[in-house]
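A.B. asks: Sharing a structure here in structure tokens format.
The values are calculated or read from the model by the stated rules, or taken from the named source; none is laboratory data. Nothing here was measured: the structure is a model prediction, and the numbers come from that model. Every residue, glycine among them, receives a Cβ derived from its backbone with ideal geometry; neighbour counts consider all protein chains shown. In case anyone asks, the SASA skips ligands and DNA or RNA and just uses the protein heavy atoms, side chains included. Shrake-Rupley method; radii C 1.70, N 1.55, O 1.52, S 1.80 Å.
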Amino acid sequence: PGTYLVPSWIKKFRSLYPKVDVSIEIGDSKMILDKLLDHQIDVAIIGLQQDSNKLRFTTVATDSLVLITPNEHPMIHSNDPDLSQINQYEFVLREKGSGTRKVMEDYLSIHGYSLTGLKIALSIGSTEAVIAAVEAGLGISFISKLAALPAAKANRVQIIDKFEPFHRNFYFSTL
């Protein structure tokens, strides 16, 4: 959300409150919530809701995960790609603590798969880094559709959108 949603929201906020200083810190959901709990930041917009009696969460946006591949990948040409095919290819993951990774794990679990069954090529700390790794041919990955669309439009990666969508929420979090 820090890369693909928040900047446009900050633009609107700054037009209403031009004297308020704003800075954006981007990190995985767990790290950002830890900073919020430690009073290092005032609010958080994250992709992973946490059980906490200290935090409040309000849904502010929805998104879905999509599978991305390098531009010349065999799954692109498959007439009927099947989720079982992902076991054949190397996979690029977000780091532990990432909301995207947690949503992807849940999605795979619902369909009878787990991370332990995947050929993990790389675990990396941002969605943009995942896109770059997939673009470089290191593997395939599930990422936010909000992030995938501009990358696909720029012909950096391909979206395989024949799978059942898995929706996720982004939350505005406060103490």
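A.B. asks: Quick one: is ALA147 under 21 Å from ASN79 (Cα atoms), part of a helix (DSSP H, G or I) and in contact (Cβ under 8 Å) with a residue 60 or more places away in the chain?
C.D. replies: no
A.B. asks: Scan GLY125, GLY112, GLY97 and give me the residue that is on the phi > 0 side of the Ramachandran plot, under 14 Å from the mean Cα position of the chain (by Cα) and at pLDDT below 95.
C.D. replies: Exactly one residue qualifies, and that residue is GLY97.
A.B. asks: Against the condition open to solvent by 80 Å² or more (accessible area, probe 1.4 Å), outside any strand (DSSP E or B), more than 13 Å from SER173 (Cβ to Cβ) and in contact (Cβ under 8 Å) with a residue 12 or more places away in the chain, how does ASP21 come out, does it pass?
C.D. replies: Against the criterion (open to solvent by 80 Å² or more (accessible area, probe 1.4 Å), outside any strand (DSSP E or B), more than 13 Å from SER173 (Cβ to Cβ) and in contact (Cβ under 8 Å) with a residue 12 or more places away in the chain), ASP21 does not qualify.
A.B. asks: Just checking, how many residues over the stretch 76-94 are in a strand (DSSP E or B) and either of a type in the set (Val, Ile, Thr) or touching a helix residue (DSSP H, G or I) at 6+ places or on another chain (Cβ under 9 Å) (or both)?
C.D. replies: Result for the stretch 76-94: 4.
A.B. asks: Can you list residue pairs whose Cβ atoms sit under 7 Å apart, with the first residue in the stretch 164-175 being modelled with pLDDT under 95 and the second being surrounded by 12 or more Cβ atoms within 10 Å (Cβ to Cβ) and assigned to a strand (DSSP E or B)? Count only pairs 6 or more apart in sequence or on different chains.
C.D. replies: PRO165/SER64; PHE166/SER64; PHE166/LEU65; HIS167/SER64; ARG168/ASP63; ARG168/SER64; ARG168/LEU65
A.B. asks: Also, I was wondering about something else. Looking only at the stretch 151-174, filter to residues that are open to solvent by 70 Å² or more (accessible area, probe 1.4 Å) and farther than 20 Å from GLU90 by Cα; which one of those is nearest to the chain's Cα centre (by Cα)?
C.D. replies: Ranking the candidates gives HIS167 first.
A.B. asks: While we're looking at this one, here's another question. For the stretch 24-61, what are the residues that are within 20 Å of PRO165 (Cβ to Cβ), surrounded by 11 or more Cβ atoms within 10 Å (Cβ to Cβ) and either at pLDDT 95 or above or among the polar types (S, T, N, Q) (or both)?
C.D. replies: Those that are within 20 Å of PRO165 (Cβ to Cβ), surrounded by 11 or more Cβ atoms within 10 Å (Cβ to Cβ) and either at pLDDT 95 or above or among the polar types (S, T, N, Q) (or both): GLN49, VAL60, ALA61.
A.B. asks: Moving on. Name the residue that is farthest from GLU135 (Cα to Cα), counting only residues in the stretch 62-86 that are buried (at least 17 other Cβ atoms within 10 Å of the Cβ) and more than 14 Å from the chain's Cα centre (by Cα).
C.D. replies: PRO81
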